[in-house]
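> Below you will find the structure I want to go over with you.
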Amino acid sequence: MPANGHIAARHPAIALSFSIFTSADPMQPGPYLAEYLSYQLGNKSDSGVLMLIQSETFHEVNHHAQSLSSWPQEYDQLTAGRFEGFLQDVHFDAVRLFRERMNQGVAQHTHTPAGQIALLIPIHLDGSKTSDQARSVLANGITLLPCDEDFFFVGPPDTDYTVISLQQDQMSGLLNEEDYETLLKARRSHGLQVKPQWLQQVRIAMLNLLEQLNDDSQALTEQQTIQKEKALRDQLLLMALEIYTGSMDSNPLQKSARPLGNQHHYIVRRCHDFALSDEGATASVLDMCKQLGIARRTLNYSFARVTGTSPAQYLRAVKLNAARRQLHTSHLSVTAVAANVGFFHTGYFSQEYRRLFGETPTATRAGGARRASPVICSPAQ
């Protein structure tokens with residue numbers, strides 16, 4: 001379960017200026033970056049290369065949330081209909097690449113790993129109904145996620161994105177001490193605006209690399225497999241560093257990453273947490289306004305900017321998701337579960353539950369929600 005940490009106070013923008021390392025093409029390193037990586041990776045033992053590949057489809061939002069190892073997550077389905085999710089995850093010793101795709105709108109609570117720097121690259125993210133600043137994730141840019149922090153993000157339907165996560169020490173040699181310390185101390189996400197054509201190149205490169213990583217059609221010897229995995233690991237690490245530094249080179253007018261998240265984001269996150277507390281289980285929208293000391297209009301506007309929906313609709317969905325988790329993990333009756341999340345009319349609860357998830361609470365209890373269907377899950381060494 002995610003901690004209920006609040007958004008930290010405003011942090012200074014992260015100064016970045018590494019043009020000597022980069023080139024115009026995100027797939028082609030600048031000469032200094034290539035030389036640096038050759039030195040760094042050449043001093044690591046090839047025998048330690050380990051690649052873990054996972055590729056799964058999901059028909060249950062909670063199973064999807066729990067499938068990403070080392071990233072504690074809790075997902076809440078916000079839009080009505082059967083959930084369909086997909087996860088591709090490739091994990092090496094020093095760098096990781098994963099892709100998540102979900103057909104429904106989903107509120108995501110996660111805690112980012114310690115000692116890791118993560119970059120989120122959107123493949124498709126409809127930002128027409130919400131704002132980047134309130135969402136805390138760029139719809140058409142690179143988002144730098146905070147390190148070892150709670151992170152909250154509401155994704156619209158059909159969201160599709162990739163994340164590259166790499167160990168901090170892989171970046172330390174590219175940054176001066178001041179920039180590196182500032183990067184590690186960031187307590188919120190930061191946005192890196194880039195040129196559209198540069199972002200599209202990155203998207204294509206990411207998808208091509210995932211296709212290569214999942215290609216097991218070639219019959220290779222053990223030694224060839226080790227060499228292939230090392231080459232792919234190095235290519236992925238190179239791409240991560242190139243995206244990070246190249247995003248600044250792509251837009252010379254912007255040499256810093258701007259902090260994301262604002263008061264609207266804070267209000268929605270507070271309401272979300274309060275709705276799941278014992279005190280907030282039966283709270284109305286007006287109770288939320290009183291709890292936060294804000295006007296109803298402010299509350300409505302905040303939810304529109306962050307979630308693209310109304311406070312009542314969003315909070316009802318959050319409570320129904322809490323009920324769904326209880327139905328999966330407890331032996332309480334449907335009536336008791338409904339009361340726990342503030343529904344005291346079982347018929348109305350069942351109606352709204354079925355409207356959101358496409359099945360009755362009884363079907364969920366009986367195991368009607370299908371578990372994830374593994375496609376590939378293979379360690380290789």
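> Output the residues belonging to region 93-116 that are outside any loop (DSSP other than H, G, I, E, B) and either within 13 Å of the chain's Cα centre (by Cα) or closer than 18 Å to GLN200 by Cβ (or both).
Step one: list which residues in region 93-116 are outside any loop (DSSP other than H, G, I, E, B), which gives 95-102, 106-111, 116.
Result: LEU97, PHE98, ARG99, GLU100, ARG101, MET102, VAL106, ALA107, GLN108, HIS109, THR110, HIS111.
> Just to be sure, is ARG82 in the same structural domain as ILE164 (by TED's automatic domain parsing) and farther than 23 Å from TYR266 by Cβ?
Yes.
> Would you please list the contacts, defined by Cβ atoms under 7 Å and residues six or more apart or on different chains, that run from a residue in region 314-342 that is without any contact (Cβ under 8 Å) to a residue 12 or more places away in the chain and under 19 Å from GLY280 (Cα atoms) to a residue that is among the hydroxyl-bearing types (Ser, Thr, Tyr) and outside any loop (DSSP other than H, G, I, E, B)?
Here the result reads THR335/THR346, each pair linking region 314-342 to a residue that is among the hydroxyl-bearing types (Ser, Thr, Tyr) and outside any loop (DSSP other than H, G, I, E, B).
> Would you be able to tell me the number of residues in region 266-300 that are of a type outside the set (S, T, N, Q) and outside any helix (DSSP H, G or I)?
Residues of region 266-300 that are of a type outside the set (S, T, N, Q), as a first pass: 266-276, 278-281, 283, 285-290, 292-297, 299.
This time we only want the ones that are outside any helix (DSSP H, G or I), so: 276, 278-281, 283, 293-295.
Result for region 266-300: 9.
> Now a separate question. Taking the criterion of being modelled with pLDDT under 95, part of a helix (DSSP H, G or I) and of a type in the set (D, E, K, R), would at least one residue in region 301-315 satisfy it?
At the first step, the residues of region 301-315 found to be modelled with pLDDT under 95 are none.
No, there is no match, as no residue in region 301-315 is modelled with pLDDT under 95, part of a helix (DSSP H, G or I) and of a type in the set (D, E, K, R).
> Pull up region 59-76, narrow it to residues that are part of a loop (DSSP other than H, G, I, E, B) and of a type in the set (A, V, I, L, M, F, W, C), then point me to the one that is farthest from LEU97 (Cα to Cα).
From region 59-76, those part of a loop (DSSP other than H, G, I, E, B) are 59-60, 66-72; that's our starting set.
Restricting the remaining residues to those that are of a type in the set (A, V, I, L, M, F, W, C) gives 68, 71.
Working: LEU68: 11, TRP71: 13 Å.
So, considering only residues that are part of a loop (DSSP other than H, G, I, E, B) and of a type in the set (A, V, I, L, M, F, W, C), the one farthest from LEU97 (Cα to Cα) is TRP71.
> Quick check on LEU37: is it at pLDDT 90 or above, within 18 Å of GLN168 (Cα to Cα) and among the aliphatic types (A, V, I, L, M)? Break it down stepwise before answering.
Details: at pLDDT 90 or above: no; within 18 Å of GLN168 (Cα to Cα): yes; among the aliphatic types (A, V, I, L, M): yes.
Answer is no for this residue.
> Another one. Does LEU356 satisfy the condition of being surrounded by 13 or more Cβ atoms within 10 Å (Cβ to Cβ), within 16 Å of GLY280 (Cβ to Cβ) and modelled with pLDDT of 95 or more?
no
The values are calculated or read from the model by the stated rules, or taken from the named source; none is laboratory data. Quantities reported herein were computed from a predicted structural model and do not represent experimental measurements. Cβ coordinates were reconstructed from backbone atoms using ideal geometry, including for glycine residues, and neighbour counts include every protein chain displayed.
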